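Participant: After the structure tokens below, expect a handful of questions from me.
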Amino acid sequence: MQIHQSAEDYLETILVLREHKGLVRSIDVANKMGYTKASVSIAMKKLREAGYVEMDAEGFLTLTAAGQEIADRVYTRHKLLTAFFIRLGVSEEVAAADACRIEHDISEETFQCLLAHARRNVDKTDEKD
């Protein structure tokens, strides 16, 4: 199933917030992303209907297995790309912003090659120690 960049961003944000806060509500997502609560409420409704997010009676958001899979994929790409750009000499802020744009469009083949390259370089760094 094709999922839009905005949905991936919401799922990734829920994942990151959950890692830092534990429990996540729509208002937390709105604050983190800089969106209105109304915009986030509409997005959460669409994500619930698509089967990516669940909301309990207290308003806490949980990623479904499908939502977790997408969020993990996007966040893994984000972290690797950010680290890669920083190692190239890009500032942390610009690296993170560029990674956020690229993480959605990079092909799986290119990402896997970048990942293999990063692992080879980590292994070489470990050999020097």
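The values are calculated or read from the model by the stated rules, or taken from the named source; none is laboratory data. These figures come from a predicted structure and were not determined experimentally. Cβ: placed from backbone, ideal geometry, glycine included. Neighbour counts: every protein chain shown.
Participant: Just to verify a result, which residue in the stretch 5-30, among those that are free of Cβ contacts under 8 Å to residues at least 24 places away in the same chain and either among the basic types (Lys, Arg) or within 12 Å of residue 74 (Cα to Cα) (or both), is surrounded by the most Cβ atoms within 10 Å (Cβ to Cβ)?
Facilitator: Checked the stretch 5-30; the qualifying residue surrounded by the most Cβ atoms within 10 Å (Cβ to Cβ) is 13.
Participant: With the requirement that a residue be aliphatic (A, V, I, L, M) and assigned to a loop (DSSP other than H, G, I, E, B), what does the stretch 13-42 give you? So that I can check it myself, show each step before the final result.
Facilitator: Let us first name the residues in the stretch 13-42 that are aliphatic (A, V, I, L, M), namely 14-17, 23-24, 27, 29-30, 33, 38, 40, 42.
Across the stretch 13-42, the qualifying residues are 23, 24.
Participant: Residue check, residue 10 against (1) part of a helix (DSSP H, G or I); (2) more than 24 Å from residue 111 (Cβ to Cβ); (3) touching a helix residue (DSSP H, G or I) at 6+ places or on another chain (Cβ under 7 Å); (4) not basic (Lys, Arg), all met but one. Which one?
Facilitator: (2) is the only condition that residue 10 fails.
Participant: Considering only the stretch 40-99, state which residues are of a type in the set (Ser, Thr, Tyr) and either crowded, with 19+ Cβ neighbours inside 10 Å or without any contact (Cβ under 8 Å) to a residue 60 or more places away in the chain (or both).
Facilitator: As a first pass, look at the stretch 40-99 and keep what is of a type in the set (Ser, Thr, Tyr): 41, 52, 62, 64, 75-76, 82, 91.
Answer for the stretch 40-99, where residues must be of a type in the set (Ser, Thr, Tyr) and either crowded, with 19+ Cβ neighbours inside 10 Å or without any contact (Cβ under 8 Å) to a residue 60 or more places away in the chain (or both): 41, 52, 62, 64, 76, 82, 91.
The rows are residues; the columns are (1) in contact with a strand residue (DSSP E or B) (Cβ under 9 Å, 6 or more places away or on another chain); (2) at pLDDT 90 or above.
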residue	(1), (2)
71	yes, yes
83	no, yes
86	no, yes
90	no, yes
111	no, yes
121	no, no
125	no, no
129	no, no
